[in-house]
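Report on the following structure.
The values are calculated or read from the model by the stated rules, or taken from the named source; none is laboratory data. Computed from a prediction, not measured in an experiment: that's the story for all the values here. In this analysis, Cβ positions are derived from the backbone assuming ideal geometry, glycine residues included, and neighbour counts consider all displayed protein chains.
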Amino acid sequence: MAPAGGTAVQDHVALAEIELCGELIIAASAARGDRLSPDRIDEVLRVREEPAHDARDSRGSREDTPRRRGA
(Lines give C-alpha, C1' and ligand atoms only; values in the text may rest on other atoms or scores of the structure.)
Protein backbone atom coordinates (compact mmCIF):
# COMPACT_ATOMS: atom_id res chain seq x y z
CA MET A 1 0.00 0.00 0.00
CA ALA A 2 1.34 3.45 -0.92
CA PRO A 3 1.96 5.96 1.86
CA ALA A 4 -0.74 8.58 2.49
CA GLY A 5 1.49 11.28 0.99
CA GLY A 6 1.10 9.69 -2.44
CA THR A 7 4.78 8.94 -3.01
CA ALA A 8 5.60 5.47 -4.22
CA VAL A 9 9.01 3.89 -3.72
CA GLN A 10 10.25 1.92 -6.71
CA ASP A 11 12.93 -0.72 -6.44
CA HIS A 12 14.45 -0.56 -9.92
CA VAL A 13 16.44 -3.75 -9.46
CA ALA A 14 13.33 -5.68 -8.43
CA LEU A 15 11.38 -4.26 -11.36
CA ALA A 16 14.16 -5.30 -13.78
CA GLU A 17 14.21 -8.82 -12.30
CA ILE A 18 10.43 -9.09 -12.64
CA GLU A 19 10.68 -7.98 -16.27
CA LEU A 20 13.36 -10.61 -17.00
CA CYS A 21 11.25 -13.31 -15.33
CA GLY A 22 8.35 -12.29 -17.54
CA GLU A 23 10.56 -12.57 -20.62
CA LEU A 24 11.59 -16.08 -19.57
CA ILE A 25 7.96 -17.09 -19.01
CA ILE A 26 7.00 -15.81 -22.47
CA ALA A 27 9.93 -17.65 -24.08
CA ALA A 28 9.11 -20.86 -22.19
CA SER A 29 5.47 -20.74 -23.24
CA ALA A 30 6.52 -20.35 -26.88
CA ALA A 31 9.13 -23.14 -26.74
CA ARG A 32 8.44 -26.41 -28.51
CA GLY A 33 10.20 -28.65 -26.00
CA ASP A 34 9.82 -29.15 -22.28
CA ARG A 35 12.65 -26.76 -21.40
CA LEU A 36 14.58 -23.80 -22.71
CA SER A 37 18.15 -24.58 -23.68
CA PRO A 38 20.91 -22.74 -21.81
CA ASP A 39 21.70 -20.84 -25.03
CA ARG A 40 18.06 -19.77 -25.38
CA ILE A 41 17.98 -18.61 -21.75
CA ASP A 42 21.14 -16.56 -22.36
CA GLU A 43 19.52 -15.09 -25.47
CA VAL A 44 16.34 -14.12 -23.60
CA LEU A 45 18.33 -12.62 -20.72
CA ARG A 46 20.64 -10.85 -23.19
CA VAL A 47 23.81 -12.50 -21.86
CA ARG A 48 26.74 -11.96 -24.20
CA GLU A 49 29.90 -13.97 -24.66
CA GLU A 50 32.93 -12.12 -23.28
CA PRO A 51 36.10 -11.69 -25.33
CA ALA A 52 38.83 -14.22 -24.61
CA HIS A 53 41.47 -11.58 -23.74
CA ASP A 54 42.35 -10.85 -20.11
CA ALA A 55 40.37 -7.73 -19.11
CA ARG A 56 42.21 -5.55 -16.58
CA ASP A 57 41.23 -2.25 -15.02
CA SER A 58 43.48 0.84 -14.75
CA ARG A 59 45.18 -0.54 -11.59
CA GLY A 60 46.20 -3.70 -13.43
CA SER A 61 43.88 -6.01 -11.51
CA ARG A 62 41.15 -8.14 -13.01
CA GLU A 63 37.76 -6.51 -13.35
CA ASP A 64 34.83 -8.08 -11.53
CA THR A 65 32.57 -8.50 -14.53
CA PRO A 66 29.73 -10.98 -14.89
CA ARG A 67 30.60 -13.95 -17.03
CA ARG A 68 28.41 -16.17 -19.13
CA ARG A 69 26.87 -19.01 -17.19
CA GLY A 70 28.95 -22.16 -17.24
CA ALA A 71 32.15 -20.33 -18.18
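Name the single residue, out of those in the stretch 32-71 being hydroxyl-bearing (Ser, Thr, Tyr) and more than 19 Å from the chain's Cα centre (by Cα), that is modelled with the highest pLDDT. Show your work before the answer.
Going residue by residue through the stretch 32-71, those that are hydroxyl-bearing (Ser, Thr, Tyr) are 37, 58, 61, 65.
Filter once more, so that each one left must be more than 19 Å from the chain's Cα centre (by Cα): 58, 61.
On the way: 58: 56, 61: 51.
Among them, the one singled out is 58.
Residues that are modelled with pLDDT under 75, among the aliphatic types (A, V, I, L, M) and surrounded by fewer than 10 Cβ atoms within 10 Å (Cβ to Cβ) do occur in the stretch 6-15. Here residue 29 meets the list (1) surrounded by fewer than 10 Cβ atoms within 10 Å (Cβ to Cβ); (2) in a loop (DSSP other than H, G, I, E, B); (3) modelled with pLDDT of 90 or more almost entirely, failing just condition (2).
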